[in-house]
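Below is one structure, written out as structure tokens; comments come after it.
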Amino acid sequence: MTLAALELQNIEFSWAQQPKPLFAIAELTLQQGETLFIGGPSGCGKTSLLSLITGIQVPQHGTCKVLGTAMNLLSPSDRDRFRGEHLGLIFQQFNLLPFLTVQENIELPSKLFDRRFKKSTELFGSVQAHVDRLCDALHLEPALRQRRANLLSVGEQQRVAAARALLGCPSLIVADEPTSALDEENKIDFLNLLLSTASAQNTSVITVSHDMRIASKFDRVFLMPRREPQHVLA
Amino acid sequence: MFWLNLAWKSAWSRKYSLCLVAVSVCLSVIILLGVQQIRTDAKQSFSNALSGVDLVVGPRGSQTDLLLYSVFQLGAPTQNMSYTDLQRINQLPAVAWTIPIQLGDSFDGFPVMGTSIEFFKRYKSSGKDLSFQVGQSFEDPQVNAGALMQVVIGAEVAKSKKLKLNDTFALTHGYKAIEETVHTDHPFKLVGILKPTGTPLDRSVLISLEAFEALHVGWGMGLRPSAFDAKPDLQKDLRSVAELKPSELTAVWVGLHSRATVFSARKAIESLRLNSTSVPLMAVLPGVALDELWQIVRVVENALIVIGALVAVCSFLGVVSVLLVGLSARRKELAIYRSLGARPASIFMTVAWETFLVCGVAIAAGVLGAQLLIFVFQDYLLQSFGIQTQNGWPGADAWYSIGLLLCCALLASTLPAWRAYRMSLLDGLNPPN
């Protein structure tokens with residue numbers, strides 16, 4: 001039996017000094033290799049949910065298991081390590097370190113964590129081979145790879161971010177509004193490339209977005225529970 | 001380590017602002033270390049100049065003044081002592097030797113010192129006997145009258161005036177060379193060039209007391225004999241070498257048989273009975289007088305050090321503020337580090353390392369810069385202030401300051417690092433835009 005990529009049970013999360021929980025989720029499970037879309041309007045706690053999954057925060061109630069590991073049982077620094085070794089993250093934009101080249105940005109996970117380095121070497125022979133493979137799959141031309149990251153277009157930057165997230169074959173990619181900064185055409189291209197490259201590595205993908213139009217690309221869709229309105233306007 | 005490498009690249013991408021703050025730290029370090037080194041070098045070269053001399057004797061007045069004008073040729077005496085007192089000092093049982101000093105003339109800005117051949121036998125600089133690059137000392141004019149034309153110069157004079165052995169030149173009466181004050185009627189022949197000593201002697205021109213006297217036969221009111229209508233009969237005035245005795249001396253350096261008798265010798269010299277020509281005398285222990293001098297200078301010295309320290313503190317505050325301001329622009333970068341699995345502690349280290357690196361490089365550059373500046377201005381310092389500077393590794397004093405500066409740098413680096421740590425905990429992966 002393979003471990004589930006994500007298992008949430010009776011989660012309740014609230015910010016410090018706020019009595020009311022921001023959101024509560026009874027159950028959410030994602031099998032390894034599946035893709036999940038989490039949707040909902042702004043301010044419903046999507047990003048906070050991601051911070052639970054990535055181990056930046058822990059829920060006040062319930063269990064949050066990522067790849068079979070209960071995040072709330074790990075120490076903060078173990079959660080950081082877990083994130084670096086097993087997860088790949090993509091933000092809305094500004095994913096790249098501007099002072100490094102594209103190549104150096106993609107290589108970062110393998111430089112920081114032995115596990116990611118070994119995975120790439122085991123499966124592809126060398127880190128460079130994996131980088132090449134990912135760049136080809138994500139349509140990043142070789143000429144681009146020696147350029148400084150801040151000279152790229154937003155679309156290119158997002159694809160480089162995807163390549164970095166996928167290097168070292170993490171089990172789960174977590175993407176926070178990865179397409180919001182892209183135009184319509186790039187949006188679909190990017191998603192197709194990300195999802196196909198991820199599935200080739202049997203990597204699960206969790207994406208949060210308010211853009212329901214892209215939801216159809218994912219295996220599963222989860223909508224954040226609506227909160228009772230705090231102010232009723234007449 | 002990879003984090004350090006990353007920190008370095010990140011810092012390099014912000015090199016302009018970091019360079020500016022580094023320069024400000026560097027300048028403050030130069031000020032601090034430069035003042036310190038010049039202070040130590042000044043003390044060293046001042047005390048080198050009189051090693052071996054037990055007492056400096058001159059007309060009663062300020063100890064420091066006597067020392068400054070008779071040894072370092074800084075300032076001018078207001079009064080001379082009588083030559084007859086030299087003989088009376090010589091007769092004191094405790095006294096081993098004396099070096100008479102006669103000042104007042106110059107050679108192109110370099111002071112001329114009239115003395116006896118005893119000088120070359122007795123004078124020590126930094127505990128070492130005098131030695132010559134070329135030639136030898138002038139002879140005793142009482143033995144060979146030709147010695148009246150002989151001159152010995154210090155290394156610095158030879159270098160700056162490009163003089164060789166057997167060159168002849170004329171000295172100047174006083175310190176301003178105009179036609180009427182140049183001793184053209186009495187040219188000197190160079191017989192010896194001293195090795196560098198790192199003392200004011202390097203800048204001195206040495207002649208015998210008799211020659212000094214012969215130079216001034218027939219002079220009056222600071223002008224040479226030919227300037228007067230009534231031409232004196234020089235031949236008649238200049239009788240024999242034996243009669244060429246000065247009536248006055250600027251100072252006398254005294255060596256004793258035993259250092260232990262220095263206080264009784266001083267008492268004996270100071271209580272010599274006055275006669276018609278003599279003035280009350282004072283005998284100064286060079287070490288004590290130097291201490292008195294440092295006492296006077298200490299206020300200025302400390303003020304400079306305090307200013308240097310304040311400048312250093314300001315520049316460190318500058319570094320901290322530039323880095324703190326820079327951090328808000330780096331929130332994205334820090335979030336990326338977090339997303340890649342960096343612990344907040346790693347972020348603390350990265351930022352701290354960067355600040356420390358900037359300060360460390362600046363401090364190192366400051367240490368080198370101070371040395372370089374002192375090296376470049378060593379001639380100026382020697383000529384204008386009589387300070388022989390030393391280049392090389394920083395002394396104990398300087399190491400202490402460098403250590404203190406590094407501690408400040410360490411302290412300065414924790415501030416932005418702590419802020420970055422707090423920020424990365426607070427922001428997580430979602431820095432505010």
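The values are calculated or read from the model by the stated rules, or taken from the named source; none is laboratory data. Computed from a predicted structure; not experimentally measured. Cβ: placed from backbone, ideal geometry, glycine included. Neighbour counts: every protein chain shown.
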Quiz item: When the residues of region A:83-110 are filtered to those that are without any contact (Cβ under 8 Å) to a residue 60 or more places away in the chain and of a type in the set (A, V, I, L, M), which remaining residue is farthest from the other protein chains (Cβ to nearest Cβ)?
Solution: A:102
Quiz item: How many residues are touching a strand residue (DSSP E or B) at 6+ places or on another chain (Cβ under 7 Å) and of a type in the set (Lys, Arg) when one looks only at region A:146-163?
Solution: 2
Practice problem: May I ask you to list the residues in region A:14-40 that are touching a Lys or Arg at 6+ places or on another chain (Cβ under 7 Å) and either outside any strand (DSSP E or B) or charged (D, E, K, R) (or both)? | Solution: A:14, A:34, A:40
Exercise. Filter region A:41-65 for residues that are more than 14 Å from chain B (Cβ to nearest Cβ), in contact with a Leu (Cβ under 6 Å, 6 or more places away or on another chain) and not in a strand (DSSP E or B) and give the result.
Key: A:59
Quiz item: Which residue out of B:367, B:358, B:376 is closer than 23 Å to residue B:197 by Cα and modelled with pLDDT of 85 or more?
Solution: B:376
Self-check item: Selection status of residue A:11, assigned to a strand (DSSP E or B), more than 14 Å from the chain's Cα centre (by Cα) and either under 27 Å from residue B:432 (Cβ atoms) or within 14 Å of chain B (Cβ to nearest Cβ) (or both)
Solution: yes
Exercise. Give region B:140-172 a look and list any residue that's modelled with pLDDT of 85 or more, within 17 Å of residue B:99 (Cβ to Cβ) and assigned to a loop (DSSP other than H, G, I, E, B), or say none.
Key: B:154
Quiz item: Which one of these is among the charged types (D, E, K, R) and touching an Asp or Glu at 6+ places or on another chain (Cβ under 7 Å): B:60, B:88, B:14, B:39?
Solution: B:39
Quiz item: Which members of region B:292-327 meet the condition of being exposed (fewer than 14 other Cβ atoms within 10 Å of the Cβ) and charged (D, E, K, R)?
Solution: B:298
Practice problem: Looking only at region A:193-212, decide whether some residue is touching a residue at least 60 places away in the same chain (Cβ under 8 Å), farther than 29 Å from residue B:13 by Cβ and more than 17 Å from the chain's Cα centre (by Cα). | Solution: yes
Exercise. Could you list, in sequence order, all residues of region A:66-89 that are hydroxyl-bearing (Ser, Thr, Tyr) and in a helix (DSSP H, G or I)?
Key: A:77
Quiz item: When residues of region B:173-195 are filtered for being at pLDDT 85 or above and of a type outside the set (Gly, Ala, Ser), how many remain?
Solution: 7
Quiz item: Just a yes or no: is a residue in region A:2-22 of a type in the set (Asp, Glu) and closer than 23 Å to residue A:84 by Cβ?
Solution: yes
Quiz item: With region B:321-386 as the region, which helices (runs of 4 or more DSSP H) entirely inside it contain at least 2 residues that are more than 16 Å from residue B:22 (Cβ to Cβ), more than 14 Å from chain A (Cβ to nearest Cβ) and not hydrophobic (A, V, I, L, M, F, W, C)?
Solution: B:378-385
Quiz item: How do the pairs read when you match residues in region A:68-82 that are within 17 Å of residue A:8 (Cα to Cα) with residues anywhere that are loosely packed, with under 15 Cβ neighbours inside 10 Å and among the hydrophobic types (A, V, I, L, M, F, W, C), using Cβ under 7 Å and keeping only pairs 6 or more apart or on different chains?
Solution: A:68/A:3
Self-check item: Single residue of region A:111-149 satisfying the filter (surrounded by 20 or more Cβ atoms within 10 Å (Cβ to Cβ) and small (Gly, Ala, Ser)) that is nearest to the other protein chains (Cβ to nearest Cβ)
Solution: A:149
Quiz prompt | Within region A:66-82, considering residues that are within 12 Å of chain B (Cβ to nearest Cβ) and of a type in the set (Ser, Thr, Tyr), the one surrounded by the fewest Cβ atoms within 10 Å (Cβ to Cβ) | solution = A:75
